[in-house]
Amino acid sequence: MGAATEPRHFDAATSKVPAPPPPTGVETMSRDALAALQLERLRSTLRNAWDHVPWQRARLEAAGVQPDALTQLEDLRRLPFMVKDDLRANYPFGLFARPVDELARVHASSGTTGKPTVVGYTRGDLERWHELVARSMAGAGVRPGDLVHNAYGYGLFTGGLGAHGGAERLGCPVVPISGGGTERQVALIMDFGPRVLCATPSYALAIADVAEQQGVDLRQSRLAIGMFGAEPWSAAMRHEIEARTGITAFDVYGLSEIMGPGVACECVHRDGLHGWEDHFLFELVDPDTGVPVPEGQAGELVITTLTKEALPMLRYRTRDITRLSTERCACGRTHLRILRVAGRNDDMLIIRGVNVYPSQIEAVLVGRPGLAPHYQFVVERDGSLDRLRIEVEALPGWPEDGYAQAAADARHHVKSLIGVSAEVAVVKPGALPRSQGKATRVRDLRSKKPAPH
Ligand code: DLL
């Protein structure tokens, strides 16, 4: 199911990562047994929501869903969806199924406007979270004892502490460096010799850049495995990071409302991310109508938690657009696979009628002659039409009199491969801001008014 350009299989000849031991236990249970486990856990999740969250109980009653009367997973479809605004409307703790003094941790995501989205965990929730991050890392070939350089941000963001807890659970020592201070990151990678790097893909690239500027070759470091996620990234970006660092890069997905990192992760076959179905129920729906879409087609991912005590989430609309496959993976895991998440519904640009995600354009730009993998999109309104301006940095050392040619080449390929007409400006190396966490790819200069038709 991967794109043709993806390395589909683990290549022992080029990777520093030895193949991990084959999966066992819950990761390989039959799909029937998995469904039975899900039904049992769904019932207790509904019971938890019914007993402890008045807002959830009212919705369950209105939909005629009695926790103990649920006989099949499909009955869940009677329940309306949850959306991010439900968390905001019940700010801060209104959807929690446990009082604050029974919690072990609170995280929050800031969002660009309004109140943050607040999520809570019991001690047991943290244990299950760490277990799933540990499972994700082990599936990518991380072994107990591997030193983990964790450059995800620590704090309210779930990336830092989530990856940290999972690595420790697996038996790995962690360097809790967090994001930022990139020169120091490079120095510690060379001095401490971590085998694993946890970071957003854009920050992994920023680390690679600074290393190169300092004359440091990360391919000579002990780094072998990257656990990269928290933002969309293309196959081209994966190749770029791997070529410059010698790392084998794995895609890890998650969201704070559901848990944090480790909801799904690639195994060494890197042909989709295994979604951990013993803890989550995944659905895919048409983002406009909410109607389920058949397997293989693109849709919005909807997730129900099956084991969360503090914050049970029922049919949460993630806004993330992807595809699902229940075909068995060559690794032997039976858990379904989520295709690389190309982008969020909210990030989709509609340029002269063509729907496009930033990561699709990234896939065209990265690796083109003269271009560095640092870019941003500026969307402007031109009368009733949206206009896209792509700003992309030139490769260091590329002659300035070659910028116009590089821009023309990029414009041509974006048009012919994606069908979008864009203005392309090639700017000097270092001119665009670098991320220390999630990259901001789009500057939207349109007024919030809808375009007249
Ligand atoms: O980003 C959790 C996380 C941390 C995941 C570290 C992976 C690694 P939030 O800040 O709540 O949580 O943002 C969640 O980020 O709905 C997606 O839109 C996006 N996202 C997360 N992982 C991926 C990925 C963390 N691998 C939102 N590919 C999600 C594409 C991703 N998008």
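The values are calculated or read from the model by the stated rules, or taken from the named source; none is laboratory data. Computed from a predicted structure; not experimentally measured. Don't worry about glycine lacking a Cβ; one is built from the backbone with ideal geometry, like all the others, and counts go over all protein chains shown. These area figures cover heavy atoms from the full protein model, side chains too; ligands, DNA and RNA do not enter into them. Shrake-Rupley method; radii C 1.70, N 1.55, O 1.52, S 1.80 Å.
Within segment 117-134, the residues that satisfy the criterion of being in a helix (DSSP H, G or I) and surrounded by fewer than 24 Cβ atoms within 10 Å (Cβ to Cβ) are R123, G124, D125, L126, E127, R128, H130, E131, A134. Annotation note: Cβ proximity below 7 Å between a residue of segment 228-253 that is under 15 Å from I361 (Cβ atoms) and a residue that is more than 6 Å from the ligand (Cβ to nearest atom) and in a strand (DSSP E or B) (sequence gap 6+ or interchain) occurs for P232/G343; M237/P373; E240/P373. Checking each residue in segment 22-46 for being within 23 Å of F93 (Cα to Cα) and open to solvent by less than 30 Å² (accessible area, probe 1.4 Å) picks out L42, T45, L46. Determine whether A310 is small (G, A, S), in contact (Cβ under 8 Å) with a residue 60 or more places away in the chain and closer than 29 Å to L60 by Cα. In short, yes. Residues in segment 311-334 that are in a loop (DSSP other than H, G, I, E, B), open to solvent by less than 40 Å² (accessible area, probe 1.4 Å) and within 16 Å of the ligand (Cβ to nearest atom): L311, M313, R315. When G162, G155, G114 are checked against the criterion of being under 19 Å from the mean Cα position of the chain (by Cα) and open to solvent by 10 Å² or more (accessible area, probe 1.4 Å), a single residue qualifies: G155. In segment 417-427, the residue that is least open to solvent (accessible area, probe 1.4 Å) out of those that are out of contact with any Phe, Trp or Tyr (no Cβ under 9 Å at 6 or more places or on another chain) and free of Cβ contacts under 8 Å to residues at least 40 places away in the same chain is V424. D271 meets all of the listed conditions (1) under 16 Å from R333 (Cα atoms); (2) in contact with a strand residue (DSSP E or B) (Cβ under 6 Å, 6 or more places away or on another chain); (3) acidic (D, E) but one, namely (2).
Would you be able to say whether some residue in segment 102-116 is in the same structural domain as G332 (by TED's automatic domain parsing), in contact with a Lys or Arg (Cβ under 8 Å, 6 or more places away or on another chain) and assigned to a helix (DSSP H, G or I)? Among the residues of segment 102-116, not one is in the same structural domain as G332 (by TED's automatic domain parsing), in contact with a Lys or Arg (Cβ under 8 Å, 6 or more places away or on another chain) and assigned to a helix (DSSP H, G or I), which makes the answer no. Set side by side, the residues A19, A69, A49 differ, and just one is open to solvent by less than 40 Å² (accessible area, probe 1.4 Å) and assigned by TED's automatic domain parsing to the domain that holds L255, which is A49.
Restricting attention to segment 342-372, the residues that are open to solvent by less than 40 Å² (accessible area, probe 1.4 Å), in a strand (DSSP E or B) and either within 11 Å of the ligand (Cβ to nearest atom) or free of Cβ contacts under 8 Å to residues at least 24 places away in the same chain (or both) total 1.
Yes/no matrix, rows are residues, columns are (1) over 15 Å from the mean Cα position of the chain (by Cα); (2) outside the structural domain of E300 (by TED's automatic domain parsing); (3) farther than 29 Å from V263 by Cα:
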position: R333; (1), (2), (3): yes, no, no
position: E362; (1), (2), (3): yes, yes, no
position: R368; (1), (2), (3): yes, yes, yes
position: L371; (1), (2), (3): yes, yes, yes
position: D382; (1), (2), (3): yes, yes, yes
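Any residue at all in segment 158-176 that's under 20 Å from Q436 (Cβ atoms), more than 14 Å from the ligand (Cβ to nearest atom) and not in a strand (DSSP E or B)? Yes. When G430, G437 are checked against the criterion of being touching a Ser or Thr at 6+ places or on another chain (Cβ under 9 Å), surrounded by 13 or more Cβ atoms within 10 Å (Cβ to Cβ), touching a residue at least 24 places away in the same chain (Cβ under 8 Å) and not assigned by TED's automatic domain parsing to the domain that holds F157, G437 stands alone in meeting it.
Name every residue in segment 341-382 that is basic (K, R) and at pLDDT below 90, in order of residue number. If the condition is that a residue be basic (K, R) and at pLDDT below 90, then R344, R352, R381 are the ones that fit.
The requirement of being in a loop (DSSP other than H, G, I, E, B), open to solvent by less than 10 Å² (accessible area, probe 1.4 Å) and either at pLDDT 95 or above or in contact with a helix residue (DSSP H, G or I) (Cβ under 8 Å, 6 or more places away or on another chain) (or both) is satisfied by V142.
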